[in-house]
Amino acid sequence: MSNIVLKDAVLLIAGANRKRGIGRALVEEAVKRVAKKVYATARNISQLDSLASQYPGIVVPLSLDVTNRSQIDQVVQEVSDTQILINNSGFAGYSGFCFNYSEETARQELEVNYFGQINLIRAFCKTLIKNQNGTIVNVISIGGLSSFPLCATYSTSKAAAHSLTQAVRAELMPHGISVFGIYPGPIDTDMADALNLEKETPASAAARIFDGIEQGIEDITTDGFADNFVKHLRLDPKAVEKDIGDYVHRMPEDF
């Protein structure tokens, strides 16, 4: 894997709309690291106004729904200088399978968290092969490594994204494209408001993500919770699975 350098790079960061979100923090961290240009996307482009005004000439806002293929094809034509694609768009619901199941939630999670990443990767792979320093970064979750029953369908969509990342890494290796998987634990974002856990800041998570990318670490955790989770998962995956199940059973019924 060649060294990835953020300085003077051109990035596209999907899902930068949340004021308290990893995507927005990644945009701000990329600017700190002197990226040449950052395309920041959101379904509602007005949510990017503050970023664009704060970093004029560097942050370029774009309207993008990762489930809309025709819109993706149009955006690809506008950003042909992209070198680093960061798939950060995400959707999370609290749906189980046997209890509290929502098919609508499950389908939306798969559409955004899995098919959304496929859509962008397929649309951008030729551009990334052509441009120097081509890189794909998929923001996944530790829930993609071992399922969390409180958000079972979300975990399933993230497990699919994890498998996707491994397959794309193998497919694009001969073409010199680096592919990174990002595995956050609890981060203090709008999406994670319902989680009653100690959380890392989005800014700290973003810094660790770019540190890992520049160091060539293919699977990157973003916080202490995720570090410990992955460590224990490697040692005894069945024990981790049981611990997660026991934790869920101790949760109050009105969670």
**Asked** Out of the residues in segment 196-239 that are under 16 Å from Gly185 (Cβ atoms) and basic (Lys, Arg), which is least open to solvent (accessible area, probe 1.4 Å)?
**Response** Lys199
**Asked** Which residue out of Glu104, Glu111, Glu29 is open to solvent by 20 Å² or more (accessible area, probe 1.4 Å), in a helix (DSSP H, G or I) and in contact (Cβ under 8 Å) with a residue 60 or more places away in the chain?
**Response** Glu29
**Complete:** Checked segment 98-113 for anything of a type in the set (A, V, I, L, M, F, W, C) and either at pLDDT 95 or above or within 19 Å of Ile13 (Cα to Cα) (or both); matches are Ala106, Leu110, Val112
**Prompt:** Taking the condition at pLDDT below 95 and of a type outside the set (S, T, N, Q), does Ala192 pass?
**Reply:** yes
**Request:** Return yes when Asp65 is in a loop (DSSP other than H, G, I, E, B) and not aromatic (Phe, Trp, Tyr) and no when it is not.
**Result:** yes
**Asked** For residues in segment 33-76 being of a type in the set (Ser, Thr, Tyr) and open to solvent by less than 20 Å² (accessible area, probe 1.4 Å), which is nearest to Ser89 (Cα to Cα)?
**Response** Thr41
**Request:** Could you run through segment 114-130 and say how many residues are under 14 Å from Phe91 (Cα atoms) and either open to solvent by 30 Å² or more (accessible area, probe 1.4 Å) or modelled with pLDDT under 95 (or both)?
**Result:** 2
**Complete:** Screening Ile121, Ile129, Ile142, Ile182 for residues that are farther than 22 Å from Ala205 by Cα and within 18 Å of the chain's Cα centre (by Cα) leaves only Ile121
**Request:** Give the residues of segment 13-26 that are over 18 Å from Ile140 (Cβ atoms) and buried (at least 17 other Cβ atoms within 10 Å of the Cβ), sorted by residue number.
**Result:** Asn17, Arg24
**Message:** Please verify whether Glu171 is in contact with a helix residue (DSSP H, G or I) (Cβ under 8 Å, 6 or more places away or on another chain) and surrounded by fewer than 14 Cβ atoms within 10 Å (Cβ to Cβ), treating the condition exactly as stated.
**Reply:** no
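The values are calculated or read from the model by the stated rules, or taken from the named source; none is laboratory data. Computed from a predicted structure; not experimentally measured. Neighbour counts are summed over all protein chains in view; Cβ atoms, including those assigned to glycine, are modelled from backbone coordinates with ideal geometry. Keep in mind that these areas ignore ligands, DNA and RNA; they rest on the heavy atoms of the full protein, side chains included. Shrake-Rupley method; radii C 1.70, N 1.55, O 1.52, S 1.80 Å.
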